[in-house]
Amino acid sequence: MSPSPPPTAAESSAAASGNAAANSLAAPAWPLNPSQPHGLGLPFPGLPFPDGHRLRGCEVAVADLVQTGQLFYQRGWSVGTSSNYSVIIDRQPLELLVTASGMHKGRLRADDFVRINDQGRPVLPDQPKSSAETMLHVVAAQKLPNIGCVLHTHSVWATILGDKFFHRGHVPIHGFEMLKGLDGITTHETNYELRIFENTQDIPVLADEVGRWLDECLAAGGPGPHGYLIRKHGLYTWGKDVAEAQRHIEIYEFLLECVGRQLLMT
Ligand SMILES: [Zn+2]
C-alpha cells in the first residue's frame, strides 16, 4: 500500500480549523457527559458539598443522576415525580446513592439523594426518605456484581406494552438493529424477551421475585440480563456505570416504541 501524499497547505489549514471547531464544540457546558469527571465548582447549585455534609464524596454520582433526570424528563421518560435512580457507591459493605422519594426528576437538586444500605435503610441520620422502590435497586446491585448504576423510568410505551404483553410474560423483540445497543448482544437476529412482572404494590415480594429471576438468568448464561418491565408501571435497567445504564434506557425505549408503533400499523 502506497503512503498517502502529505497534505497541502490548504488541507492543513482546513484540518486545523476543523479541529478548532471540534474543540470548541467539545468545550464542556453543563450538564456534562455522565461518568466523566465533573468540573466541581461549575455553576451547579450545591456542589461540591461542604466538609461534613452527608453526601460529601458523592458529587460525581449526584451530578450524573441530576443530569439523568434532566435528560429523561425532557424525553418524557421520567415525568413528574415518577422514576428513581441509583449509583452503587460502595460494595463492602453495599451502599447505594438513591433518589429521595417524591422529587421531580427534571428538577433534582444536589440534596435530593439518600445513602442507603443493603436493607434499603439510610446509613446516616437525618436523610430524606428514599424511594418506595429502593429494594428493587438493592436486589439488582446484590445479584449483579459488575453493575454500578440502576435506572427506572415510567415512559408511555413501557407502561402500556408491559400490560399488552403481560399474558406472555415478556415483550418479544426481534430483528431490530438497535438490539445491539444492549451490552453483549451482537446481532439484530436475537430473539429478545423483555421480562414483565406484575405491578404488585408489595415491593419486598417483587424484589424477591426479581432476585430469583436474576439468579435464573445468570445461571442460564448469555448476554444480560439487562432489565425488565413492571406491568402498567415502567422499566428497570442497569449498567456498569451511569453512561451504560442511560444507554440501556435509550435503547429499550427506542425498541419499545418500535414494537408499539408496529402494532398500531398492523
Ligand atoms: Zn416506579
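Where a number appears in this text, it was derived from the coordinates with a stated rule and is not lab data. In this text, all values refer to a predicted model and were calculated from it rather than measured experimentally. Cβ: placed from backbone, ideal geometry, glycine included. Neighbour counts: every protein chain shown.
Each label point was placed 7 Å from the Cα along the Cα-to-Cβ direction; for Q74 and D208 their separation is 4.3 nm. Roughly what % of Cα-Cα distances in the range 167-266 sit above 20 Å, to the whole percent? That tail contains 39 percent of the Cα-Cα pairs. Placing dummy labels 7 Å off each Cα toward the beta-carbon, the span from L263 to Q119 is 4.1 nm.
Counting pairs of alpha carbon atoms under 8 Å apart in space and at least six apart in sequence, what relative contact order in percent does the range 59-265 give? Relative contact order comes out at 21 percent. Length gained on full extension, H174 to A132: 11.8 nm, using 0.36 nm per residue less the C-alpha separation.
Sorting 168-174, 59-65, 254-260 by average packing, meaning the other beta carbons within 10 Å per residue, from highest down gives 59-65, 254-260, 168-174.
Here T187 and Q142 are evaluated by their C-beta separation; at R0 = 35 Å the FRET efficiency comes out at 0.70. Across the range 59-265, the fraction of Cα-Cα pairs farther apart than 24 Å, rounded to a whole number, is 36%.
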